[in-house]
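Shown next, in structure tokens, is the structure this report addresses.
The values are calculated or read from the model by the stated rules, or taken from the named source; none is laboratory data. All figures in this text were calculated on a predicted structure; none of them were measured in a lab. Glycine also receives a Cβ, built like all others from the backbone with ideal geometry; neighbour counts cover every protein chain displayed. Each accessible area value is taken on the protein alone, full model and side chains, heavy atoms only, with ligands, DNA and RNA left out. Shrake-Rupley method; radii C 1.70, N 1.55, O 1.52, S 1.80 Å.
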Amino acid sequence: MPPEPNAPLDSSVFASRRGEHEAKLFELLRIPSVSADSRHKPDIARAADWVEAQLKGMGLSVSRLSTPGNPIIYAESPPVPGAPIALVYGHYDVQPPDPLEEWITPAFEPTVRDGSVYARGATDDKGQMLTHVLSAATVLAERGKLPIQLKYVIEGEEEVGSEHLEAVVERERQRLACDVVVVSDSSQFAPGVPAVTYGLRGIAYYELLVEGPKQDLHSGTFGGGVTNPANTLAKLIAALTDADGRIQVDGFYDDVIPLSDAERAEFARLPFSQEGFQKQLGVAGVWGEAGYSTLERRWARPTCDVNGLWSGYQGEGAKTVLPARAGAKVSFRLVPNQDPKKVSAGLRTLLEPLVPPGIRLTIVDHHGAPGVVFPLESPYMAAAAAAIEHGFGTPPVFIREGGSIPIVNTFARLLNADVLLLGWGRDDDNTHSPNEKFNLDDFHRGITASAALWNTLSRQA
């Protein structure tokens, strides 16, 4: 008896294509498409061309959505009357690989060790994005058509804040119309414990620039007679939080929605090991906002972190210098309902009165995005859970994620669509760090789960 039209493909189909799929992944990983570094502009173009060629090779209708920045590749399959439309979002740009000396093997030469492929972009987001391309390509090759209409939006600026994507989504709202958005740019809860992420934190990112004298000064000759910008910066950073980790920005907690008792209980039931977490990170203890567990602080409470610091002499040996300038990069992770614009105003209110004589403070507002949370009762959540169980052999848990994917809020707001955040990675994949990796079994499970998702979503008509 032939299979039902919307039945998932047999697992042997995917097993037979394992080598082909890995070869495609390695091809893309070899392209150093670093969006933050203008020297890699030609590589960005190569990666965009590569993605475009894959989608065209599947027989999809493919075009480029124009922006002042890096190309956005758009593709769609034919409509399927009566079935939902799913839009797949991903990105082909990657973070800088620095520091290069900490990579065991070259960042852009994919190398397999212990069942994982090591390369910049392996899990963030080339590998995960590609699962949704290869799943559809396999279904089309085997059956000639998809059970639902798929639309793809693959961009090249996610790692620099997706500066131009929101305007494109606004402009192309009608073309991008869909029922559900699928994003894989996150992690499983643990190895063998796949997850559906139903909430993300937002972000507000700043640079604090502190300037004093017109040039570096001799700290003996001038120390005590002029304000030291580095000392000032240290005091400004210290003012951001209190001893219990509470952020001191004016009005910061006014819009924070407290975690419900039920949600805290669900977090507590997850198989999380505090000891294992510390061992993974190489730390002797943890710290954060008082009164909350580690998972609660990581997923569902706002935070403030210094991301970079610079000032004065940093070479070998000693140099008695009073630096002319100091700077810091600072980010706040925000929870749903917090407004990055309110955080910006509150940050200025807090810091500007603390600036001493002889010092100029500049606060550069780099980018911000609100957090999001999606209802667990959505039928699309149930479809995703069934597909993941098919691909990974076990039902997923439902989690929040502490990171930010700014475009998720844009899709939900402008397209009025549910968003499925399906992470195939692992939390030790060294995302944004040296030796980034992606477990190849999870890569293949992700392809199988993705193909099953197109079937399970088709039943939500």
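Sorted on the mean count of surrounding Cβ atoms within 10 Å across their residues, most packed first, peptides 145-157, 347-359 read 145-157, 347-359. The candidate values are (i) 1.05; (ii) 0.93; (iii) 1.74; the one derived from this structure for Cα Rg over 2.2 N^0.38 Å carries the label (i).
Normalised radius of gyration (Cα atoms, divided by 2.2 N^0.38 Å) for the range 317-461: 1.51. The residues packed around THR138, meaning those with a beta-carbon under 13 Å from its beta-carbon, carry a net charge of +2 if Lys and Arg are +1 and Asp and Glu are -1.
For the chain, the longest principal axis of the C-alpha atoms and the axis of helix 406-415 are separated by about 50°. Whole angstrom only: what separates the Cα centroid of the range 355-409 from the Cα centroid of the range 1-76? Centre-to-centre (Cα) distance: 23 Å. From the cross-link list LYS41/LYS145; LYS24/LYS145; LYS56/LYS329; LYS235/LYS341; LYS24/LYS279; LYS279/LYS329, which pairs have alpha carbons spaced over 30 Å apart? Flagged as over cut-off: LYS41/LYS145; LYS56/LYS329; LYS24/LYS279.
Taking the Cβ of ALA345 as the center, what net charge do the other residues with Cβ under 14 Å away carry, scoring Lys and Arg +1 and Asp and Glu -1?
-3
Surface composition of the chain: carbon plus sulfur atoms contribute 51% of the solvent-accessible area (1.4 Å probe, protein chains only, all chains present).
A protection proxy built from the mean count of other Cβ atoms within 10 Å ranks the segments 130-137, 227-234, 9-16, most packed first, as 130-137, 227-234, 9-16. What the range 102-248 shows is 37 Å² of accessible area per residue, with the surface traced by a 1.4 Å probe over protein heavy atoms. Taking Cα atoms only, the orientation of helix 41-57 departs from the longest principal axis of the chain by about 20 degrees. Summing charges over all other residues whose Cβ lies under 14 Å from the Cβ of VAL112, with Lys and Arg as +1 and Asp and Glu as -1, gives -2.
Compute the angle between helix 229-238 and the longest alpha-carbon principal axis of the chain, please, reported from 0 to 90 degrees and rounded to the nearest 10. Approximately 60 degrees, to the nearest 10.
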